[in-house]
Amino acid sequence: MTNQIRQSEALLSARNDYRWRSRAVVFLFFLAFVALIGRALWIQGLNSSFYISHGRSRTERRTLLVAPRARIVDRNGNVLAISEPVYDLWVDPKFFVNASLDQIRFLAIALSVSQARISQYQHEQSRFIYLKRTVATEQALELLAEHIPGVYGLKNEKRYFPEGKLAAQVVGIAGRAGNGEEGVELAANGRLRSKSETRTVTVDRLGNVVADPEYRGLPVPPSDVVLSIDRNVQRMAFDALSTGVEKSKAKAGCAAVIDTNTGEILALVNLPTFDPNAPSADGLSPLRNRALTDAFEPGSTIKPIVVALALDKGIIGTNTRFDTSPGVLHFHGSTIHDTSNHRVITTSEIIAKSSNIGMAKISERIPNELMWNNFRDFGVGTPPLRGFPGVTAGVLRPPNQWHPIEKATMAYGYGLSVSLIQLAGAYQVLANDGIKLPLSIYHRKFVTQGVRIIASKTAKSVQRMLESAVEPGGTAAIARLSDFRVGAKTGTARKFNGEGYASGQYFALMVGIAPMSAPQIVVAIMIDTPRRGSFYGAAVAGPIFSEITSGVLGYLKTIPDHNGSSTMSSRIAFKR
């Protein structure tokens, strides 16, 4: 009996212990839940902003999204400059130290970088070292897919120029910072510059973007910058100029083609040139756009401009006669020569035969101020393009500083200087019946209003003189075309080296208009220092002019007008 009582008491005690322990466990769970609820209230309620901000700081980043730099295209939409995505590969030596020898060897071969150089990066103190920049996207992604420790990539872009050398000095180059450095890339940098916007993205522990909560598509790139350049006309001019420069072994050369009715520049070629996709390692690429930046004395190509003034003011007529015998003129203590004794010739013949003596005698009849204003009206002494880097205004001294001999030499192209594009712009006035249009390297949707410089009658008279210079016996006869009537003027100017005229160095020039029945284009050529064969403008620049002019007129589908008629309108308007 006693044992039974003891067993019952023990059982009851055990049950009490069990209940106590159960209640203790339940109570502990209750306290835990209370603590969790309290903690949750603290985190989610009272102090939520602190934890949210710290959480976001670990998983969110403010990233800058940049749209590609705008394209540069020609008047027909052919791409001349475009941005393409690339990667800049870099290493973090703290992690790169774990890269194996095989991985380092793989990188060296893939990136064409010295294996020894890459190995050194494992021991650098810096946490950021460029491995190689501007790596093609496809190649970069393949390398990053190898998951080599410490190797990372940054998205970037580089400029690509599909036409290479063709229009290098016109289009220019852009630096890695996304800003233009030369040419249109610099001149139109504000229009080309990439648009950007900042967004918040979610990243993993390695910094890779895993989500874009604010995704709104990529930033819209700027609109294309459309040039007046026609790629096909540019190619014709480039090929013809290249052949001519090589044939004469010249130091340099440039060519321009202008639409006489809009003032747009259809071609602007410079030699020597360079490939903007593979710039010179020494930084000495020929970036200078000689057609815009180089000023030279225009020689006889300026004569039609002076004659136009004298005709327009009624100072002379087309048939006014001048005695140029015996081919030498002693003028205010100096001597002026013609290439031969032209005897008594008319104003028209002065242009056709390019008489310096005849021009000197015309200059005597023109007041200084009037002649200076005429030069300015035709663009001499003023920048021909606005906002383009390096454009020269040339040299035109004030008229009160002119002596009679200086005015005489300016009348036949010495004592003043112009760029090739200025010279072409002056002939645009003659071709456009006396109306001057501002030149443009950018395509115009609408024709710009021009300013009348000389009367239409005067312009047509000078056009006929230029055409006579191309006829047999004229100085520009080499420019004659079988299918089209052409008017042109040659020039051969001695080269000034800063101290005087350099012995045996010349500029060979030709500027002309076509077709003469309804002028459509002006073509201007300058060859700097021809060193093989002749140095005269006709012989050196003439064949280049003829090739460009015939090719461009054919491309523009111009109806041939060389049928003896001077009144037939032969132009077919071309759409751009």
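The values are calculated or read from the model by the stated rules, or taken from the named source; none is laboratory data. Owing to the predicted nature of the structure, the values given are computational and were not obtained by experimental measurement. Glycine also receives a Cβ, built like all others from the backbone with ideal geometry; neighbour counts cover every protein chain displayed. The protein model used for the area step is the full one, side chains on, heavy atoms only, and it has no ligands, DNA or RNA in it. Shrake-Rupley method; radii C 1.70, N 1.55, O 1.52, S 1.80 Å.
From most to least packed by mean Cβ count within 10 Å, the peptides 384-393, 460-469 give 460-469, 384-393.
Net charge in the neighbourhood of LEU154 (other residues with Cβ under 10 Å of its Cβ; Lys, Arg +1, Asp, Glu -1) is +1. Accessible surface area normalised per residue over the range 286-402 is 41 Å², counting heavy atoms of protein chains with a 1.4 Å rolling probe.
Over the range 365-414, what relative contact order in percent results from Cα pairs under 8 Å that are six or more residues apart?
Dividing the mean separation by the residue count of the range 365-414 yields 33 percent.
Could you grab the relative contact order for the range 409-498? Cα pairs under 8 Å, six or more apart, rounded to a whole percent.
Computed over the range 409-498, the figure is 20 percent.
Packing, taken as the mean count of other beta carbons within 10 Å per residue, orders the peptides 126-139, 285-298 from highest to lowest as 285-298, 126-139.
With 20 Å as the limit, write out which pairs from LYS353/LYS489; LYS249/LYS353; LYS247/LYS557; LYS361/LYS460; LYS353/LYS495; LYS460/LYS557 have Cα-Cα distances beyond it, or answer none. Among LYS353/LYS489; LYS249/LYS353; LYS247/LYS557; LYS361/LYS460; LYS353/LYS495; LYS460/LYS557, the Cα-Cα distance tops 20 Å for LYS249/LYS353; LYS247/LYS557; LYS361/LYS460; LYS353/LYS495; LYS460/LYS557. Restricting the GluC sites (Glu not before Pro) of the range 320-428 to loop positions (DSSP other than H, G, I, E, B) with no more than 15 neighbouring Cβ atoms within 10 Å leaves GLU364. Here the Karplus curve 6.51 cos²θ - 1.76 cosθ + 1.60, taken at θ = phi - 60°, turns the phi angles of the range 522-528 into couplings of 10, 10, 10, 10, 9, 10, 8 Hz, with x standing for Gly and Pro. From most to least packed by mean Cβ count within 10 Å, the peptides 340-348, 75-83, 476-484, 424-432 give 424-432, 476-484, 75-83, 340-348.
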